[in-house]
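Undergrad: Sharing a structure, written as structure tokens. Questions coming.
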Amino acid sequence: MNESSIMAVPFEHYVAVSIILFSIGIIGVLMRRNLIVMFLSIELMLNSINLLAVSFSLYHNDSNAQAFVFFIMVVAAAEIAVGLAMLVMIYRNIRTIDIDALKQLKW
Amino acid sequence: MAAALFYILSLICIVSSLVMIFHKNTMYSVLSLLITFFAVAGLYVTLNAQFLAIVHIIVYAGAIMVLFLYVIMFLNMSNIINFQKSQAVKIAATTTGLMVLLVIIASLSSATFNSDIVANQDIGLAATLGKVIFNEFLIPFEVSSILFLSAMVGVVIFNKKDLIDE
């Protein structure tokens, strides 16, 4: 398993895919007012960062970035669990998941 | 062959994530993000991160997406379709996202990457990653288990109604 290989595509293309996915996630968070889709967009952004970390780990021949991706996954899973619990609580109280209904703090 | 695999997988990623943010039905958004996750796992395999690809499928497709689908079905939210937002919000959001893309591209434009790097095939194996995690990241690993525990307690307290009344 020790033989080495050249990457099949230019390294810039991996960077391009991950920044395009990140921008799509930003557009999703800003455009949609549905709480579930906003959470999904946050997940998409975390995934694009993971992809970038893994590709740079291959680029530098270093496993530390892949270990870091594990911790990003852990934090993402905990964040989604708490976020969905908050979503369920919001839905119970105001019977909608439209983020614009929560404007009591807006002056 | 590997190059064609990369382009197909990244096309699937981008198209299904666009479907995710533009589709009106929440259920289809979740399912298309599931397709994105599988394609990202495929991209991990092309990057010699085999173990991470498996973990990615297990954690995201197995746990997180099931959680989303469970919440949608449990609260019967799939029939709440569109919130009829103004066109100006959509245009502003798309412009902002494209601006962010432009800024990142501009900041990366001066960087030069060495494209013919020699990829070590061992860095993504479970043995290598296990050694890295349990040698160098042992304390963060243990702290993350406490993070999970506190998240679990938080979820239970959030959704227990009569805990506050007593």
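Undergrad: Add -39500 (n - 2.57) for each DSSP H run of 4 or more in chain B, then divide by its residues: what number comes out at 222 nm, to the nearest 500 deg cm²/dmol?
TA: So the helix-based figure for chain B works out to -23000 deg cm²/dmol.
Undergrad: Here's something else I'd like to know. Counting other Cβ atoms within 10 Å of each Cβ, which trypsin sites (Lys or Arg not before Pro) in the stretch A:34-107 have at most 14 and sit in a DSSP loop?
TA: The qualifying sites are A:Arg95, A:Lys103, A:Lys106.
Undergrad: Other chains near A:94-102: what is the mean number of their Cβ atoms within 10 Å of each residue's Cβ?
TA: Averaged over the peptide's residues, the number is 2.
Undergrad: Further question on the same structure: Please work out the ratio of the alpha-carbon Rg of the stretch A:1-94 to 2.2 N^0.38 Å and round it to two decimals.
TA: Dividing the Cα radius of gyration by 2.2 N^0.38 Å gives 1.36.
Undergrad: Only loop residues by DSSP count here, and only those with at most 14 other Cβ atoms within 10 Å; note down the GluC sites (Glu not before Pro) in the stretch A:1-63 that meet that. Spell out each step's value before the answer.
TA: Numbers: sites: A:Glu3, A:Glu12, A:Glu43; in loops: A:Glu3.
Qualifying residues, ordered by number: A:Glu3.
Undergrad: Bin width 5 Å, origin at 0, all Cα-Cα pairs of the protein assembly as shown: what percent of pairs per bin?
TA: With a bin width of 5 Å, the distribution comes to 1, 5, 11, 15, 17, 16, 13, 10, 6, 4, 1, 1, 0, 0.
Undergrad: Please list 3J(HN,Hα) in residue order for the stretch A:31-37, calculated via the Karplus relation 6.51 cos²θ - 1.76 cosθ + 1.60 where θ = phi - 60°; whole Hz, with x for glycine and proline.
TA: Whole-Hz 3J(HN,Hα) from phi for the stretch A:31-37: 8, 8, 9, 8, 4, 5, 5.
Undergrad: Something else: Could you work out how far the C-alpha centroid of the stretch B:1-74 sits from that of the stretch A:92-107, in angstrom?
TA: The two parts, judged by their Cα centres, are 30 Å apart.
Undergrad: Ordered by residue, what ³J(HN,Hα) values in Hz, to whole numbers, does the stretch B:33-43 give under the Karplus form 6.51 cos²θ - 1.76 cosθ + 1.60, where θ = phi - 60° and Gly and Pro are x?
TA: 5, 4, 4, 4, 5, 5, 5, 5, 4, x, 5
Undergrad: Further question on the same structure: Would you calculate the separation in nanometres between label points at B:Met73 and B:Ile58, each defined as 7 Å from the Cα along the Cα-to-beta-carbon direction?
TA: If labels sit at B:Met73 and B:Ile58, their model points lie 2.3 nm apart.
Undergrad: Next up: For chain B, what size does the Cα cloud have along each of its three principal axes, sorted from largest down, in whole Å?
TA: Computed over chain B, the largest-to-smallest principal extents equal 61, 46, 30 Å.
Undergrad: How many lysine pairs in the protein assembly as shown, separated by 8 or more positions in sequence or lying on different chains, have Cα atoms less than 30 Å apart?
TA: For the protein assembly as shown, qualifying lysine pairs total 12.
Undergrad: So what are the stretch B:92-165's ellipsoid semi-axes, whole angstrom, largest first, if each one is the square root of 5 times an eigenvalue of the alpha-carbon gyration tensor?
TA: Largest first, the stretch B:92-165 gives 39, 30, 9 Å.
Undergrad: Mind telling me which of A:Asn64, A:Asn47, A:Asn34 comes out most flexible in a GNM of chain A, alpha-carbon contacts under 10 Å?
TA: A:Asn64
Undergrad: Averaged over all directions, how much area does the convex hull of the C-alpha atoms of the stretch A:67-107 cover when projected, in nm²?
TA: If I average the Cα hull's projected area over directions, I get 3.8 nm².
Undergrad: Which order results if B:Leu67, A:Leu84 are arranged by neighbouring Cβ count within 10 Å, fewest first?
TA: Fewest to most other Cβ atoms nearby, the residues stand as B:Leu67, A:Leu84.
Rule-based calculations on the coordinates, nothing more; no lab input. Keep in mind the model is a prediction, meaning the values are calculated, not measured. Counting neighbours? That spans all protein chains shown, and the Cβs are built from the backbone with ideal geometry, glycine included.
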